[in-house]
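A short write-up of the structure that comes next.
The values are calculated or read from the model by the stated rules, or taken from the named source; none is laboratory data. Small disclaimer: the values here were computed from a predicted structure and weren't measured. Glycine gets a Cβ as well: all are built from the backbone with ideal geometry, and neighbour counts include every protein chain shown. Side chains are part of the model used for accessible areas, which takes the heavy atoms of the whole protein and leaves out ligands, DNA and RNA. Shrake-Rupley method; radii C 1.70, N 1.55, O 1.52, S 1.80 Å.
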Amino acid sequence: MSQHFLLSSAARTLSLSAVMRMSDAEAREAFGRIRWHEQKGKPFCSRCGCVELYTCKPEHRWKCKGCGYRFSVTSGTIFASHKLPLRDILAAIAIFVNGAKGYSALQLSRDLDVQYKTAFVLSHKIREAICAKKKDCMVSGEVEVDGAYFGGHIRPANYKENRRDRRLAKNQTGKRRVVVIMRERNGQTLPFVFRFEEESLDTIQSRVMPGSTIHADEASGWDALHARYLTKRINHSESYSHDGACTNQAESFFSRVRRAEIGTHHHIAGPYLGSYAGEMAWREDHRRIGNGEQYLLATNAALKHPVSRQWKGYWQRTAA
């Protein structure tokens, strides 16, 4: 598979072996073609837009003649200050998008021969980049709303007489969180994490356009939606679809998340639940396109995304 085929917007398939056969120079050129595709791979200053540059030593760095900014192909992106070879980063993106139900950091660390922490941070950088586009997105038309709880597992006691009803709040750990999904039919998917479904009402009103039709189940938390939207409810104890009302596409998203949790990651709750939910939403929204196009979208998103405030240096877990 040629490099031009990998970089073509019409690419439908992706071969990991083609990426791994790249030299460092070819990998750097691939990054440049994707980042500066407006100039057909020719670098320009990301601060002032100037195309007049000096070539600096060490090689593959430039200095802007206009503002004096020194940069490389990854400067100012989420991969800034990287230590891994560029070919390994391209390979990580290819491996990441090829995982239909996600890809564990442990498996990625074995594939790339790096430490687990390195693979974990790299995976979350890719997740942050692909999810950033939806930060201010809204949905409209026919929108399905539903919630599913994750985390807070309580192991049952050994002896039957010592077991408690884990469904009761007093017997739970308080770590359980709900992922609330707003899924536009034949459109995009917006996931958010809350403690309870009722806490999501303000977010739903800010993300679902007025005049939309909301489909939801009969959970009492969605009763308030009737005051703002035409809301169709479905009783799942009687049917999964009735008179056009259903939440099947929302359930399809949760099915993907559950399979990722059980079969790939085993534990996706806690402070990173929103990141994993965002990744699965991205996979759901792009499931109909080839992995070659998914690879280009993910790489382009990473090279357009600024330096992460969560996954770089001492900013981790302290960002506002």
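Are any of the residues in segment 114-123 part of a helix (DSSP H, G or I) and more than 23 Å from ARG309 (Cβ to Cβ)?
Applying the first criterion (part of a helix (DSSP H, G or I)) to segment 114-123 yields 116-123.
Cutting the leftovers down to more than 23 Å from ARG309 (Cβ to Cβ) gives us none.
Checked against the condition, which is being part of a helix (DSSP H, G or I) and more than 23 Å from ARG309 (Cβ to Cβ), segment 114-123 yields no hits at all.
Is it fair to say VAL73 is assigned to a loop (DSSP other than H, G, I, E, B), among the β-branched types (Val, Ile, Thr) and open to solvent by less than 40 Å² (accessible area, probe 1.4 Å)?
Numbers: assigned to a loop (DSSP other than H, G, I, E, B): yes; among the β-branched types (Val, Ile, Thr): yes; open to solvent by less than 40 Å² (accessible area, probe 1.4 Å): yes.
Yes.
Can you name every residue in segment 130-176 that is farther than 21 Å from VAL257 by Cβ, modelled with pLDDT of 90 or more, under 30 Å from the mean Cα position of the chain (by Cα) and in a loop (DSSP other than H, G, I, E, B)?
MET138, SER140, GLY141
Output the number of the condition that ALA92 fails; it satisfies all remaining conditions of (1) in contact (Cβ under 8 Å) with a residue 40 or more places away in the chain; (2) within 17 Å of ALA301 (Cβ to Cβ); (3) buried (at least 18 other Cβ atoms within 10 Å of the Cβ).
Answer for ALA92: the failing condition is (1).
Hand me the list of helices (runs of 4 or more DSSP H) wholly inside segment 1-52 holding 2 or more residues that are modelled with pLDDT of 90 or more and open to solvent by less than 20 Å² (accessible area, probe 1.4 Å).
Numbers: elements: 3-7, 16-20, 24-35.
Result: 24-35.
Just wondering, is there one or more residues in segment 104-114 that are of a type in the set (A, V, I, L, M) and touching a residue at least 40 places away in the same chain (Cβ under 8 Å)? Break it down into steps so the answer makes sense when it comes.
The initial filter retains those residues of segment 104-114 that are of a type in the set (A, V, I, L, M), namely 105-106, 108, 112, 114.
Those still in the list that are touching a residue at least 40 places away in the same chain (Cβ under 8 Å) too: none.
No: zero hits.
Checking GLY187 against (1) surrounded by fewer than 18 Cβ atoms within 10 Å (Cβ to Cβ); (2) modelled with pLDDT of 95 or more: exactly one of these is not met. Which one?
(2)
In segment 95-129, which residue that is closer than 21 Å to LEU296 by Cβ and more than 18 Å from the chain's Cα centre (by Cα) is most open to solvent (accessible area, probe 1.4 Å)?
The selected residue is ASP111.
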